[in-house]
Amino acid sequence: MLDPFSALNVATSVVQFVDFGTKLLSGAHQLRISANGQLYEHTLLQTITQSLLEASTSFKNRLAQDNAHSLSPHEKDLQSLCEECTAVAGHLMAALEKLKLGKNNGKMKSMQQVLKIMWNQAEIQELKGRLDAFRQQLIVVILIALREPVASLKQDQLEISSKMDHISKQNDSLGQQFLAHVASQKVEKRQQLEASSAIQRDAELNWAFNDEHSQDVSENLKWRSDLIEAVQGSYEDRSTEPGDKFHDSVLAPVYRGRCAKRFASKTLRNLQFDEMPSRHERISETYKKTYEWIFESRPDTKISWSNFVEWLQNDASIYWITGKPGAGKSTLMKFIYDDRRTRLFLARGEPKCNVVVAGFFFWNSGTPIQMSQEGLVRTLLYDVLQQCTDLLPFLFPDRWEAHYLFDQYIDYFWTWTDLIRTLKAVIKEGSRTRRFAFFIDGLDEFGGNHSELLKLIFSLVDHGKVKMCVASRPWTVFEDTFSRSPSLMLQDLTYPDIKHYVSTKLYQNPGFASLMAEEAEYSSSLVMDIVEKSSGVFLWVVLVVASLTTGITNGDRISDLQERVDALPVDLEDLFTKILDSLEPSYRRHASELFRLVRASKGPLPLHIMAFADSVTVDATIERSIDTMSSSELNSKAERMRRRLNSRCKGLLENVTGARDDRSKLATHTVQYLHRTVKDYMEKAENWAKIDSYSGDDYNPHIRLACAYLLQMKTAPKLSQQQFWDNVIWCLEYTVPAVDLSKNKSSASTATRVLDCLDESADIVSRSERSGPSLLKQCTISASPVYWTKIPQRGRSLAATDFFSLAIMYQIEWYVREKIKSGYLASSKPSSLPPLICAVDHTPGSLPLGGKSSLWRSQPSQVIIELLLNAGLDPNEKYEELTPWTSVVLEMQRGSKYQPWIDIGELFLKHGADVQAEGVEDIVSELYPEYIVDGRATKPTTLSPTSLLEDLKGRSMITPTPRASFSLKKLFRRNH
C-alpha cells in the first residue's frame, strides 16, 4: 500500500483540473485573449493537463514499483479518475484549439457558447455531469487518503502508542495543509504561465488574474465544506445511536495532545449556558461543624434514617433527602456534593476506581433553563464530559474528525433528543470503567410535570451503573416514588446543628456574653427555647437569631429577648407577615418598590443594576450623557443599595455573591429572595396585593429596570460585544412588559422614548474608540457602513440592519405604531432589509436570544404586518431572490398552511401582492380562489393607505415611502 501523501499529490492535480473545468463550463466565465493573441484558457488548460499527466504517470510508476500487494479499491479509483480526467481534458483542449481567434484582445464568448457551436446540448450536459461525478469521487478518495495514516497502522498496541503520538503531532489539520497546497499550486501554475512568456498580461488579463485569486479562495472553501459534509455523511448512515459509532472512527486513536484539548474545550463550551454554575455558587455554605453526621458510619442518633455512607458504598441506586421548607436541604446537598469524602466513599476503598460526580440544583427563582429538564441534562452532560474527555471521539466521531483534519469545529444546536441520547451513551460506555453519581437538588423547583422528571431520573438510573441522590420537599408525588428508597427527613436530624448554630452565634456576640455573665441560667434557657421552637427549620432559626442580634445591639435585656422569641410565630409564613408588618411606615413604599423590582426581574438581579433602577427616572436616564462611571463610584452606589436592602426589607431580600465573584466588589453581587419559602410567600395573591398596594399603580418596575440597563450602557468604561448585547437585550426585555403590563395609557410613548434613546446610545457606544478599536471596527470586514445591529452576538450576525427592523422582529407592536405615527417611514433612510421581510421572518435565529427570548413568538405579528402595509410599504419589493409576498408563500409551501399564515396571505393580497409572481399561483389557486379569473391569477386593486385612519387616530393619510434598490448582499439569512 502506498503512503497517503502520494495519493494526495495526485489528488491535488485532479482538484485543479476539476475546478478549472467546472469554471470553464459555467455560463458566466468569459474566455480571454492576451496581449500577444494567445487564448489564456487554452494555455492554462495545457499547463494543468500536463501537471495532471505527470502526477498520474508518477502515481502509476509508484504502484508498479510496489508490487508486493494488489491495488486497493481507492488506489484503483484514483488511477481510473486520473485517466478519465485526462480524457475529458483532451475534449476541452480540442474544442479550444478549433476556436478561431479574432484580432481583438480581451473578452470573448463564454465557453458554453463556444461549445454550443460545436456540440449539442446533451453533450455539454454530459460533460458537466462527468465533472460533477469526478468531484464526488475525488471527495471520497481525498477523505480516505487523509484517514490513511491512522487506518494503516497495525493493531499492535505497543507500536501504535509511539506512532499515534508522531501522527497526532505531524498531521494535525492535515486536510487544511492539503487544501493550502492545492491553492498554492493554482497560483504557481498561473505564475509559470506568465513567466514562460506564453501569455502577456494587459489590463484586462490583470483583472482576470486578480479575479481568479478570489475564486481560488471560494473554491477552497467549497472543497473544505464538501469534505466536512462527507465526514458527517460517513457516520450518519451507520447508526442513530451515538455510542454505536465509536469503533468506526478511525481517528479515535489520535485523540491526544493539543488538538484533542482544543476539541474538548470547544465541545464543552458548546454545551455550556451562562447560568450553569450560578445556583450552586449562591447556596449558603454550611455553618462550621454542622451536617458532619452525614459522613459518620455509625451516627449517634435515636432517629431512624438510612445511613448515607452505607448507601454511597452499596449498590442501591437512589437516595432521597427530604424535609420541611427551610430545613436546609440545598445546603446539605451542596455540602455532600462538594466534600471530597463523597468521592472517597463512592470509590469503596479501591485506589484506581474512577468516580465521576455530576450535580444540578433546580432554582425556580432563576432563569427558565435553571428550572428545566434541558438545564438538568446539559449540566450533567457537561460535568460528566469534563471528567470523561476520552469518550468525546466515541460520542462525536464526525466532529472530532472535522476538527482534527480541517481545524473546523462543527457548532451544534442541541435538541432534547440529542442531549438525553448522548448522556445515556456516556453512561453506557463509561460504566465499563467508571462509577457515576449524580446529585440533583430541588426536584420541587422543577418548572414542568414532576412525573416526567421522575421518569427521566429513573431512565438514567436504569441505563447504567448510576447512583442518584435527590432532594425535594415531601410532596406526595415524591413520597410515592421514593417510599422504598433509602432516605432521611432532614428536620429530624438537625437538632444538634441548630443548637450549635444558635449557641455559637449568640455567645460570640459581645452584648450577649455580658448578659450571660449576669443571667447565665436565663441565657441558656433562651437558647434551648429557640432550638425547641425551630422544629428543625434552619431558616426560621436564622431569622430569629438576626432579630435577637438587633435587640442585643439596642441594649435589650434577657427578658426583652425572651419576649421577642415568644412573639415570633413558629410558622414561617406567619413569621414573614410579622416581619413585613414591623416595617417602619416611612419605609413601606420603598420596600414595596424593591420587592417589585426583584419580582419583575427575569433572573438574579445584579446589585448595581438594582441601585440604578432604584434611583433613576426615565427623564434622568435619557438626559444622562454617555460618560464613564468609575469602579469606585459604582461600588459606592452598590454599597448604599446594600444598606437600603437591609433596612427596608428586613432580611427577606439578600445580597449574595457567587464563589467566583470578588467579594470586595459589591457591583458584581446579586439580589435575591432569602429563600424559596420567601418567594412562595410573596407570590400568594393576598400577600402580594398588600405589598403592591404600598407603592401604587404609578410605579413601573419594568421601565425602571430597562432604564438601569440603558444607564449601564451609557456609563460602562468598556464593553465587549457580548456585554454590549446584554445591555441591549435586557433593555428590550424589560421595556416591552413595561407597556404591556401597565395601566397607564401614556406608557407606550414613554417606553418609545426609552427605546429611541437606546438606539441612539448604542450607535454612539458602538463607534466609540476611547478604549481601543470600536465595536463596529472589530466586526466590520468591508468598508461599507454597518449599523450597530450587525455587531455579532455570540459569534452570529443578526438579520436586522437598523433598530426599527429589530423592533419589528421582536414584534414590539406599540413601538412600530408609535414610529409610524411620528412619520418615521417617510423621514428615515431606506433600510437594506425591507421592513415587511423582517415582519414575516419568525425564526428564532432572527433575534439576539433566539427562541429563548421571552418576546419571541412562533408566528409573525399580523398587527405589525397590517401597520406596515397600511403605511404603504410594497409587498412586492425585491430583496435578493425574495419579496415579502414570496416569503409568505414560501412559508406556506413549507407546510405552514394554517390560519395565521392564511390570514397574513390575505392581508398581502388585499394590499396588492403580485398573484402572477413566479411560484405563487398554486398557493393562490388552493387558498385564495377568489383571486382566480378564467383559470388564471388576477391582480386585485391595491388598497389605499387611508385604511390606516382609525389605527393612527386622526391621521388622514400616510405617504408611502419610496424604497431604494438594495445593494448589500447576504445580509439576511434564514435560520430554519
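The values are calculated or read from the model by the stated rules, or taken from the named source; none is laboratory data. If you're wondering where the values come from, they're calculated on a predicted model, not measured in any experiment. Cβ coordinates were reconstructed from backbone atoms using ideal geometry, including for glycine residues, and neighbour counts include every protein chain displayed. Surface areas here come from the heavy atoms of the whole protein model, side chains and all, with no ligands, DNA or RNA. Shrake-Rupley method; radii C 1.70, N 1.55, O 1.52, S 1.80 Å.
Which trypsin sites (Lys or Arg not before Pro) from the stretch 888-932 combine a DSSP loop assignment with at most 14 other Cβ atoms within 10 Å?
Arg894, Lys897
Please report the spacing between the Cα centers of the stretch 409-440 and the stretch 330-405 in Å, no decimals.
The distance from the Cα centre of the stretch 409-440 to that of the stretch 330-405 comes to 9 Å.
Compute the FRET efficiency between Leu927 and Asp627 as 1/(1 + (r/R0)^6), taking r as their Cβ-Cβ distance and R0 = 51 Å, and round to the nearest 0.05.
Values: r = 56 Å, r/R0 = 1.10.
That pair, Leu927 with Asp627, gives E of 0.35.
Just read off the accessible area of His450 with the full protein assembly in place, 1.4 Å probe, to the nearest 10 Å².
The accessible area of His450 comes to roughly 40 Å².
Based on the Cβ-Cβ distance from Thr549 to Lys465, what FRET efficiency comes out when R0 is 51 Å, to the nearest 0.05?
Numbers: r = 49 Å, r/R0 = 0.95.
Calculated value: 0.55.
Lys and Arg at +1, Asp and Glu at -1: add these up for the other residues within a Cβ distance under 12 Å of Cys707 and post the number. Don't skip to the end; give the middle numbers.
Working: positive: Arg624, Arg704, Lys714, Arg753; negative: Asp614, Asp619, Glu623.
With Lys, Arg at +1 and Asp, Glu at -1, the net is +1.
With every protein chain left in place, what is the accessible area per residue of the stretch 393-444 in square angstrom, probe 1.4 Å?
Numbers: 1600 Å² over 52 residues.
Dividing the accessible area of the stretch 393-444 by its residue count gives 31 Å².
Local charge sum around Val531 (other residues, Cβ-Cβ under 15 Å, Lys/Arg +1, Asp/Glu -1)? Show your work: numbers first, answer last.
Working: positive: Lys499, Lys505, Lys533; negative: Asp492, Asp497, Asp529, Glu532, Asp566.
Local net charge: -2.
Add +1 for every Lys or Arg and -1 for every Asp or Glu among the other residues with Cβ under 13 Å from the Cβ of Pro773, and state the total.
Summing Lys and Arg as +1 and Asp and Glu as -1 gives +3.
What are the trypsin sites (Lys or Arg not before Pro) within the stretch 736-773 that DSSP puts in a loop, where the Cβ has at most 16 other Cβ atoms within 10 Å? Intermediate values should be presented prior to the final figure.
Details: sites: Lys743, Lys745, Arg753, Arg767, Arg770; in loops: Lys743, Lys745, Arg770.
Answer by residue number: Lys743, Lys745, Arg770.
Could you tell me the convex hull volume per residue, in Å³, taken over the Cα atoms of the stretch 506-652? Could the numbers behind the result be given before it?
Working: hull volume 21.8 nm³, N = 147.
In the stretch 506-652, the Cα convex hull volume per residue is 148 Å³.
For the stretch 599-715, just say rounded, prolate or oblate: build the C-alpha gyration tensor, square-root its eigenvalues into a ≥ b ≥ c, call rounded for a/c under 1.5, and beyond that prolate if a/b exceeds b/c, oblate if not. Please list the in-between numbers first.
Values: a/c = 2.23, a/b = 1.26, b/c = 1.77.
Since a/c reaches 1.5 but b/c is at least a/b, the shape of the stretch 599-715 is classed as oblate.
What's the extension gain from Asp226 to Asn61 if we count 0.36 nm per residue and subtract their Cα-Cα distance? Numbers along the way, then the final one.
Numbers: separation 165, 0.36 × 165 = 59.40 nm, distance 3.03 nm.
Taking 0.36 nm per residue and subtracting the Cα distance, the gain is 56.4 nm.
Express in nm, to one decimal, how much length is gained between Ala180 and Ser647 on full extension, taking 0.36 nm for each residue of separation and deducting their alpha carbon distance. Don't skip to the end; give the middle numbers.
Details: separation 467, 0.36 × 467 = 168.12 nm, distance 6.68 nm.
Gain in length upon complete extension: 161.4 nm.
Going down the list Lys334/Lys679; Lys821/Lys878; Lys289/Lys505; Lys428/Lys467; Lys302/Lys499; Lys288/Lys679, which pairs span over 19 Å between their C-alpha atoms? Numbers along the way, then the final one.
On the way: Lys334/Lys679 21 Å; Lys821/Lys878 25 Å; Lys289/Lys505 13 Å; Lys428/Lys467 14 Å; Lys302/Lys499 17 Å; Lys288/Lys679 27 Å.
Flagged as over cut-off: Lys334/Lys679; Lys821/Lys878; Lys288/Lys679.
Could you list the chymotrypsin sites (Phe, Trp or Tyr not before Pro) in the stretch 873-934 that lie in coil according to DSSP, counting only those with at most 15 other Cβ atoms within 10 Å of their Cβ? Write out the running numbers ahead of the final one.
Values: sites: Tyr879, Trp885, Tyr898, Trp901, Phe908, Tyr931; in loops: Tyr898.
Sites meeting the loop and neighbour criteria: Tyr898.
For Tyr699 and Glu563, what does the FRET efficiency come to when R0 = 35 Å and r is the distance between their Cβ atoms, rounded to the nearest 0.05?
Working: r = 36 Å, r/R0 = 1.03.
Calculated transfer efficiency: 0.45.
Give me the dipole magnitude in Debye, nearest 20, for the stretch 519-654 about the Cα centre, with unit charges on the beta carbon: positive for Lys and Arg, negative for Asp and Glu.
On the way: 17 positive and 21 negative charges, 133 e Å.
With Lys and Arg at +1 and Asp and Glu at -1, about 640 debye.
Find how much the distance from Asn270 to Tyr824 grows on full extension, using 0.36 nm per residue of separation minus their present alpha carbon separation; answer in nm with one decimal.
Details: separation 554, 0.36 × 554 = 199.44 nm, distance 4.06 nm.
Computed gain between Asn270 and Tyr824 is 195.4 nm.
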